[in-house]
Amino acid sequence: MAHPTRRAHLTRWYGAGPLHLLALAASFAITGYAMVRLFAVRPLEVALWIVGAAILHDLILLPLYSVADRSASSVLRHRTTPGPQVPWVNYLRVPAFLSGVLLLVWFPLILDLSVPYPGATRLSADVYLGRWLAITAVLFLASALAFALKLRRTRKTTRPPTRTTRPTPGSTP
């Protein structure tokens, strides 16, 4: 194990522990290896895919989901509710993100835009939309359940202030 002062110095300098740095270096090494292998086989297609993905993300998707996130955050920003406040926006972000990734990966099949290949999947092309919608519903239901449990746990741990009753004039305390 690293000397405590060295680890503290690394954490101050890097911002995380040595295990995080090792995992990050390993992921970059694996990505670099995959890119070298892909560029050796199809360099033009890989370059076009990277440029297209960057343009699609930075110019189209990032503004869209930024506006959606700001809209969702501003809807309930000014509402005050009695009791403890639980940050709710991540319980909306996570299922929306996962559903969006599934749609992005499988959109040709979900929107019935591709030539079906039942020999490989043994499924007709019309099942993908219903299954994506079902998965999306399950993701949002699971997130709503997790939010409800967190809200319940938070309300149990924070007790409401006790009310003191004032004696009314003419009554004896």
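The values are calculated or read from the model by the stated rules, or taken from the named source; none is laboratory data. From a predicted model like this one, the values you see are computed outputs, not experimental measurements. Note: ideal-geometry Cβ built from the backbone for every residue, glycine included; neighbour counts use all protein chains shown.
Here are the numbers for this structure:
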read-out	value
Pair list, Cβ < 6 Å and 6+ apart or interchain, from the stretch 49-69 residues that are in the same structural domain as ARG93 (by TED's automatic domain parsing) and more than 14 Å from LEU104 (Cα to Cα) to residues that are among the hydrophobic types (A, V, I, L, M, F, W, C) and exposed (fewer than 12 other Cβ atoms within 10 Å of the Cβ)	none
Residue in the stretch 41-51 that is of a type in the set (Val, Ile, Thr) and in contact with a helix residue (DSSP H, G or I) (Cβ under 6 Å, 6 or more places away or on another chain) present	yes
Single residue of ALA16, ALA25 found to be in a helix (DSSP H, G or I) and not assigned by TED's automatic domain parsing to the domain that holds LEU92	ALA25
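Here is a yes/no grid of residues against (1) part of a helix (DSSP H, G or I); (2) at pLDDT 90 or above:
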residue: TRP49; (1), (2): yes, no
residue: SER71; (1), (2): yes, no
residue: ARG77; (1), (2): no, no
residue: SER99; (1), (2): yes, yes
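Here is a yes/no grid of residues against (1) surrounded by 12 or more Cβ atoms within 10 Å (Cβ to Cβ); (2) modelled with pLDDT of 90 or more; (3) in contact with a Gly (Cβ under 9 Å, 6 or more places away or on another chain); (4) of a type in the set (Val, Ile, Thr):
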| site | (1), (2), (3), (4) |
| --- | --- |
| THR5 | no, no, no, yes |
| ALA16 | no, no, no, no |
| LEU22 | no, yes, no, no |
| ARG42 | no, no, no, no |
| LEU64 | no, no, no, no |
| TRP88 | yes, no, no, no |
